[in-house]
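Trainee: After the structure tokens below, expect a handful of questions from me.
The values are calculated or read from the model by the stated rules, or taken from the named source; none is laboratory data. If you're wondering where the values come from, they're calculated on a predicted model, not measured in any experiment. Heads up, the Cβs are rebuilt from the backbone with ideal geometry, glycines too, and the neighbour counts pull from every protein chain shown. With ligands, DNA and RNA removed, areas are computed over all heavy atoms of the protein, side chains included. Shrake-Rupley method; radii C 1.70, N 1.55, O 1.52, S 1.80 Å.
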Amino acid sequence: MNLNSFKGGAVAAVLTAATLFATDVGAATMYEGTYDATSVNTNGNDHTVWLPGLFTGVSAYWQFAPNPGSFVVGANNATAQLSGTIQNNGVSNYQMQVDVSYELRNPNVPGDTTKNGGGAYDGTWSFFDIAKATITGIGDLSGLSLILSVYPDPQVEDIPFQLGEGANDKNSGLGASGWFSWETQISQIYIGPDAFDSKKHGDINLNLRLNPDSNIPDQVPLPAAAFLLIAGLGGLGGLRMYKRKS
């Protein structure tokens, strides 16, 4: 075996792994687990969902009630799922079921715009695209169904959903937020005059608190670069032993 080749390969592995490991350390914070999703406050209005134009003469603000919503983040922040019942701030018997599935962007980078009302993006947030999303009326609103999608048209401007400290656009705590477009899929009840126009827009803003029953892994898995670093260091150790024997 060529000693110089062995030495060069081991050193290269260490340097490459060190670079990748540094990149991993500076990447998004991991939030795997189940969170209670609660309201933020905008100009005195508590809300988790903002839906202007859906009803005439009814508040555009909605919040999870009677219980917090659920926000579940998958391993390595690869997916997120928001669900729960929202209630209109002005008409308490107006309630709808929210179900939104998100997928982490690859690469995990912000779009053309971030929502910075809770603090500027610091490099640790995760950014998601909408995979599938519906808001469905229940009770008095049975028969109403909305389809949510990315807002606005990605060909015009790119604005993904964001997760992290200060990411809810309203305060510096852990949260999430994002715009969306919506259109009426089914309606068997009277709604606002604009609801059947071309896609309307809305907003989701969440305070997030780790649910005490959430199953968080006991150990944080080492990033792949760490294994490469260990292998490289082992190679250098073997090189030293080879030198001593020779």
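Trainee: What are the aspartates and glutamates whose alpha-carbon lies under 15 Å from the alpha-carbon of K200, with same-chain residues fewer than 8 places away excluded?
Mentor: Cα-Cα hits under 15 Å: D153, E183.
Trainee: How would R209, R105 rank on accessible area, largest to smallest, probe 1.4 Å?
Mentor: Final ranking, largest accessible area leading: R209, R105.
Trainee: With the cut-off at 16 Å, report for the stretch 46-85 the share of all Cα pairs above it, as a whole percent.
Mentor: Taking all Cα-Cα pairs of the stretch 46-85, the fraction more than 16 Å apart is 51 percent.
Trainee: What is the Cα centroid distance between the stretch 129-185 and the stretch 28-49, reported in whole angstrom?
Mentor: Taking the Cα centre of the stretch 28-49 as reference, the centre of the stretch 129-185 is 13 Å away.
Trainee: Now a separate question. Please compute the length gained on full extension between S187 and Y121, using 0.36 nm multiplied by the number of residues separating them and subtracting their Cα-Cα distance. Mind showing how you got there, number by number?
Mentor: Working: separation 66, 0.36 × 66 = 23.76 nm, distance 3.88 nm.
Residue separation times 0.36 nm, minus the Cα-Cα distance, leaves 19.9 nm.
Trainee: For a protection proxy built on the mean count of beta-carbon atoms within 10 angstrom, sort 116-127, 79-90 highest first, please.
Mentor: Details: 116-127: 16.4, 79-90: 18.7.
By packing density, highest mean first, the sequence is 79-90, 116-127.
Trainee: How high is the relative contact order of the stretch 28-172, in percent, counting Cα pairs under 8 Å that sit 6 or more residues apart?
Mentor: Averaging sequence separation for qualifying contacts and normalising by length gives 20 percent for the stretch 28-172.
Trainee: Expected output is a single nm value to one decimal: the length gained when fully extending between E103 and V91, i.e. 0.36 nm times separation in residues minus the C-alpha distance. What is it?
Mentor: Result: 1.0 nm gained on full extension.
Trainee: What FRET efficiency, computed as 1/(1 + (r/R0)^6) with R0 = 30 Å and r the Cβ-Cβ distance, is obtained for S214 and I138, rounded to the nearest 0.05?
Mentor: Result of the calculation: an efficiency of 0.70.
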